[in-house]
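In what follows, a single structure is set out as structure tokens and then discussed.
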Amino acid sequence: MEVQELKFLLDLLGFPDYRAAITQIKPNPKTKAAERDSICRTLADRELVGYAEEILTFAISPAGKSLLQLDPTRLPIAETEVAILRACAESTITPAQTNLAPTGQSVIQGLAEKGLIKAEKTQITEVWLTSRGQEYLREEYNPSGTLPVVSLDMLTNYLRFLRKSLRSPEESVPPHSSPTIPPPSSSEVMVSQPLSDDEIVRLIQQLDRELATDNYLPIFHLRQKLQPPLSREEFDRTLYRLQRNDRIELSSLQEAISYSPDQIELGIPQDIGGPLFFIIVTQ
């Protein structure tokens, strides 16, 4: 791990829940915003941190142009989304040019996740340490060398993090210890460690087979397996990432009568329309 990446993580440990506005993270006093954001994205690629970002400028994608050519009365998206697509149909624009309220950013991001617009410029707004990042710092990272590279404040953050982990009853069990009771059936297994994208897709397929959902798995089944170790926000972003990488598709709930309010609440809420509720594996 590069020194600046380590400093980024140690700085993040000093904030509540290991979460902070990106502008609060300063590996060095002279670290420029572009360098800081590059470090953040590198760490996110390794699944050590997660981050939120806003879209600053965007343009319509080929898929969005094709959609606008359909019958306006039968478009499969909300009127607000159609208005945004029409606003950027000719050129790159900013969110302010859509004349939407501040909540318009979430609508714009939803269009980007659906592949209907292309984000031309983005800005990271918030960053947090993932479960994988905590595991890495607690169990895997082995610093070496004699040159002092971190401040005492950063060292304090790290020591507090380790002490908190030691106080947690869950950490008293060795990660590779043998179970003392017979393992439950596969449908009852709760995931205790972060999974890779490939493992998550395989888990989706496994649940689909066991529950006979015909490649239309309700999100709440997977959420029950992955929360914890993932937070709700991390879980939602994981599904969005799999969708962007064409591993899955997410479909909204049209008929709620077959599901309980608690099950529906475990979908992914949308600003407009029903929640995203079903997972479809595309690979």
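Any read-out appearing in this document is the output of simple, stated calculations on the displayed coordinates, not a laboratory observation. As the structure is a computational prediction, the values presented were derived from the model and not from experiment. Neighbour counts run over all protein chains shown; Cβ positions are idealised from the backbone, glycine included.
List of remarks:
- Sorted by Cβ neighbour density within 10 Å, fewest at the top, the residues 49, 201: 201, 49
- The charge dipole of region 189-281, taken about the Cα centre with unit charges on the Cβ atoms of Lys, Arg (+1) and Asp, Glu (-1), comes to about 180 debye, rounded to the nearest 20.
- Taking region 189-281 and dividing mean pair separation by its residue count, relative contact order in percent (alpha carbons under 8 Å, at least six apart): 35
- Spacing of the modelled spin labels on residue 41 and residue 75, each 7 Å from Cα toward Cβ, amounts to 3.0 nm.
- With a Förster radius of 41 Å applied to the beta-carbon distance between residue 212 and residue 121, the computed FRET efficiency rounds to 0.35.
- Full extension of the segment from residue 257 to residue 156, taken as 0.36 nm per residue of separation minus the current Cα-Cα distance, would add 31.1 nm.
- Projected area averaged over orientations for region 189-281, convex hull of C-alpha atoms, nm²: 5.9
- Mean separation of Cα contacts under 8 Å (6+ apart) over length of region 55-126, as relative contact order %: 56
- Unsatisfied cross-links (Cα-Cα over 29 Å) in the set 26/225; 7/114; 32/121; 32/225; 7/225; 121/164: 26/225; 7/114; 32/225; 7/225; 121/164
- Extension gain, residue 96 to residue 21, is 24.8 nm, computed as 0.36 nm per intervening residue step minus the present C-alpha separation.
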